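Working notes, structure below.
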Amino acid sequence: MLIYTLRRLASAVPTVFVIITLTFFMIRMAPGGPFDLERPIDPLIMANLNRAYNLDAPLWSQYLTYLSNLLHGDLGPSFTKRDFSVNDLFAVGLPVSILLGSLALLVAVVLGTILGAWAAIRQNSGVDYAVVGLATFGITTPNFVVAPLLSLLFGVVLGWLPAGGWSNANPAYWVLPIVTLALPQVAVIARLVRGSTIEALRSNHVRTARAYGLPTRVVVGVHALRAAMLPAVSYLGPTAAGLLTGSVVVETIFGIPGIGRYFVQGALGRDYTLVMGTVVVIAIFVIFFNLVVDLVYAWLDPRVRYD
Amino acid sequence: MVVQPLPLDEPPPVAGRSLWQDAWIRLRRNRAAVASMVVLVLLALVGIFGPALWPHPYNRVYPQFVRVPASLEAYPRADTILPAFERELRRTRLDAGPPVLEGSEITVEVRADEAIDPRVLRYFERSDLFSNPRLDLAEDGRSGTIAVDVQRLHFFFGTDAIGRDLVARIMIGVRISLAIGILASFMALVLGVTYGAVSGYLGGRVDNVMMRIVDILYSLPFIFFVILMVVFFGRSLVIIFIAIGFTEWLDMARIVRGQTLSLKRQEFVQAAEALGATRLGILTRHIIPNTLGPVVVFVTLLVPKAILLESLLSFLGLGVQDPLTSLGLLISEGAANMRGALWLLIWPALTLTLILFALNFLGDGLRDSLDPKDR
């Protein structure tokens, strides 16, 4: 298992490398630069700026510099947010995004599994239809509709929770963003778990467990769900990475200082290092969670072997 | 002894049913799927013909009706007609008697010290409230009656922040969103099916390299390409659907490759190979048609994804631009105005949700009806 993990991590290195290279040259090919304003800047000042940020060097040498800085854990200075390095920005934003994302993930997994399993046990009953309906609603309603409505209802009309803004200390600010982030994931997980639980409940090992006279609680909770979690787990890999690296929409609507906004802002402002930093972070999260998914898979399904 | 042959009825010919006919029969039994199809066809018709037939053009601004709430009653409201008329009347600087509202016509007696210039009617022509102003002058030209028709406008979903009819804008939004959804999915379909079928059929090292490329593209943030393309080539409808198509073909390529891997081992492909069919011929005649079942299902689920992606882009300000609009842009404007004008958020959001609901149900229905396990 350890060898497998190490091998996977080693094989991820070239993938990350290719992603970094692709992104680096693609963003550089985009017309415009980080210091372009409506009114052209004096060429001398522009030359100075370019020298200060090492933009006057040939592209390949900038690329090598970037790679070597990256190996030292330095993501470079931000071009548009003066006085901040990308490391500074992420040091503030990443914990916020990870906090929100992991709580949303937790809510989604727990609630989605419970709802899905409940619907599967009571297949074709009112509960089942309610869960399926809720799931379809959650999948089809985009988060940029849900977020403003929640903010309006609970923040403005009822006044129970803050309509927007952020506080690291006050969990009241966390509730609406977490609900918005978790809702579509609850829906997808509930659907996946429902489908696979229905199948698992008909399988031989569950019938055997029933024949032993085990209580339904154990049959479903231990034997059926263990197999039924597999599709949800493989869905969760990329989803977890997406949730933990922040959502542009949720952060924009609720005014949260996470890192989800940086990608769009960076790409629009030609903030090369900020875009690169976001891509690197996202790629690492995706690869990490795909690895976690594979390991969890092996733990849930003893037939899967990785040596 | 003569054996009389028993008269045999000719057995009725057995009509064969193809996979697609079977699927169609099963699909028709699924009420949610049929209802979704009806809804989608209606929405498509609304998107295609609605903007041309609707009385308000989608880019017509009514400055006097900014942000009026959704209502079945006609605007202007009965109690605002006469004050508005008097306001215009004052600008004509004529001595006027009390205006009389009868049905949808207002008449007023006017008098002046000099001859009345018929150009005073311009004040009424310019207003959104009145139309067809007429001036009946007496012999001396110093007195007469002005008559105008009150224009009764309906804004069933209200108007937006600069006074455009929301129904007309939603119709255009439906058109743009559906068009982008369908075109982008078609693009992903062509790319993904070709790539996946070639990769799976050639197999071996080519397959390895081609799938590795897909894996790498998977790890890039999906919105990355879209933003870069929009940044590169500017914002236009064509770029948006190409960009979305480019980001959505990866899953399709994987599905088709998996199908192709199992299909190419089957006897009918071996038979075609033995008969000397070319690789291209086998791919296009035998392999691709047999992958279409799962592909059709996936496309129905891809259309809502593309629509959502376009809405997301428009929401971020990277999509279509004013005065053209899409459902995502309308929702974004609605979210900005929701505190005073909730209808601006509710109606576009409902329309988008309805489209996505219908497409999802149709996709589910298609999957159930094309699934051979179900027989």
Options B:ALA168, B:ALA179; residue that is among the aliphatic types (A, V, I, L, M) and open to solvent by 10 Å² or more (accessible area, probe 1.4 Å) = B:ALA179
Failed condition for B:PRO304, given (1) closer than 23 Å to A:ARG261 by Cβ; (2) within 10 Å of another protein chain (Cβ to nearest Cβ); (3) within 17 Å of the chain's Cα centre (by Cα) | (1)
Just need a number here: residues in the stretch B:45-76 that are in a loop (DSSP other than H, G, I, E, B) and among the polar types (S, T, N, Q).
-> 2
Quick one: is B:PHE268 surrounded by fewer than 19 Cβ atoms within 10 Å (Cβ to Cβ) and in the same structural domain as B:VAL206 (by TED's automatic domain parsing)?
-> yes
Reported set for the stretch B:318-335 where residues are within 12 Å of another protein chain (Cβ to nearest Cβ), open to solvent by 10 Å² or more (accessible area, probe 1.4 Å) and either among the β-branched types (Val, Ile, Thr) or in contact (Cβ under 8 Å) with a residue 24 or more places away in the chain (or both) is B:LEU329, B:GLU333
Residue pairs qualifying under the 8 Å Cβ cut-off, at least six apart or on distinct chains, with the first in the stretch A:280-293 being more than 10 Å from every other protein chain (Cβ to nearest Cβ) and in contact (Cβ under 8 Å) with a residue 24 or more places away in the chain and the second being open to solvent by 30 Å² or more (accessible area, probe 1.4 Å) and charged (D, E, K, R), are A:LEU291/A:ARG8
Please find, within the stretch A:191-234, the residue that is least open to solvent (accessible area, probe 1.4 Å) out of those that are of a type in the set (S, T, N, Q) and farther than 19 Å from A:VAL131 by Cβ.
-> A:SER203
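Picking from A:LEU176, A:LEU181, A:LEU149, A:LEU161, which residue would you name as being under 21 Å from B:ILE331 (Cβ atoms) and over 21 Å from the mean Cα position of the chain (by Cα)? First the steps, then the outcome.
Working: A:LEU176 fails: over 21 Å from the mean Cα position of the chain (by Cα); A:LEU181 fails: over 21 Å from the mean Cα position of the chain (by Cα); A:LEU161 fails: under 21 Å from B:ILE331 (Cβ atoms).
Only one candidate qualifies: A:LEU149.
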For B:ALA197, indicate whether it is out of contact with any Gly (no Cβ under 6 Å at 6 or more places or on another chain), aliphatic (A, V, I, L, M) and over 18 Å from B:VAL299 (Cβ atoms).
-> no
Taking the stretch B:238-293 and keeping only residues that are without any contact (Cβ under 8 Å) to a residue 12 or more places away in the chain and within 26 Å of B:LEU178 (Cβ to Cβ), one is left with B:VAL238, B:ILE239, B:LEU292
Would you mind stating whether B:TYR195 is open to solvent by 40 Å² or more (accessible area, probe 1.4 Å), in contact (Cβ under 8 Å) with a residue 24 or more places away in the chain, assigned to a helix (DSSP H, G or I) and facing chain A (nearest Cβ under 10 Å)?
-> no
Among (1) away from chain B (no Cβ under 14 Å); (2) touching a residue at least 12 places away in the same chain (Cβ under 8 Å), where does A:ASN54 come up short?
-> (2)
Note on the stretch A:34-48: residues more than 14 Å from chain B (Cβ to nearest Cβ) and farther than 25 Å from A:ASN69 by Cα are A:LEU37, A:GLU38, A:ARG39, A:PRO40, A:ILE41, A:ASP42, A:PRO43, A:LEU44, A:ILE45
Give the residues of the stretch B:45-77 that are farther than 15 Å from B:VAL167 by Cβ and buried (at least 18 other Cβ atoms within 10 Å of the Cβ), sorted by residue number.
-> B:PRO76
Under the condition of being part of a helix (DSSP H, G or I) and open to solvent by 40 Å² or more (accessible area, probe 1.4 Å), which residue from the stretch B:216-240 is modelled with the highest pLDDT?
-> B:VAL238
Mind listing whichever residues of the stretch B:93-148 are open to solvent by less than 70 Å² (accessible area, probe 1.4 Å), among the acidic types (Asp, Glu) and more than 25 Å from B:VAL68 (Cα to Cα)?
-> B:ASP117
Residue count, the stretch A:68-91 (criterion: of a type outside the set (S, T, N, Q) and open to solvent by 40 Å² or more (accessible area, probe 1.4 Å)) | 11
Within the stretch A:136-148, which residues are at the interface with chain B (Cβ under 10 Å from one of its Cβ atoms) and buried (at least 18 other Cβ atoms within 10 Å of the Cβ)?
-> A:THR136, A:ILE139, A:THR140, A:THR141, A:PRO142, A:ASN143, A:PHE144, A:VAL145, A:VAL146, A:ALA147, A:PRO148
Looking at this structure, is A:ARG303 open to solvent by 20 Å² or more (accessible area, probe 1.4 Å), away from chain B (no Cβ under 13 Å) and free of Cβ contacts under 8 Å to residues at least 40 places away in the same chain?
-> yes
Which of the residues belonging to the stretch A:161-179 are in contact (Cβ under 8 Å) with a residue 12 or more places away in the chain and among the aliphatic types (A, V, I, L, M)?
-> A:LEU161, A:ALA163, A:VAL175, A:LEU176, A:ILE178, A:VAL179
If you go through the stretch A:15-33, how many residues are open to solvent by 60 Å² or more (accessible area, probe 1.4 Å) and more than 9 Å from chain B (Cβ to nearest Cβ)?
-> 2
Any idea which of (1) among the basic types (Lys, Arg); (2) within 14 Å of another protein chain (Cβ to nearest Cβ); (3) part of a helix (DSSP H, G or I) is the one B:ARG205 doesn't satisfy?
-> (2)
Can you find a residue in the stretch B:342-350 that is outside any helix (DSSP H, G or I), open to solvent by 20 Å² or more (accessible area, probe 1.4 Å), of a type in the set (A, V, I, L, M) and without any contact (Cβ under 8 Å) to a residue 12 or more places away in the chain?
-> yes
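The values are calculated or read from the model by the stated rules, or taken from the named source; none is laboratory data. Quick caveat: nothing in here was measured; it's all calculated off a predicted structure. Counting neighbours? That spans all protein chains shown, and the Cβs are built from the backbone with ideal geometry, glycine included. What goes into the accessible areas is simple: the full protein's heavy atoms, side chains included, and nothing from ligands, DNA or RNA. Shrake-Rupley method; radii C 1.70, N 1.55, O 1.52, S 1.80 Å.
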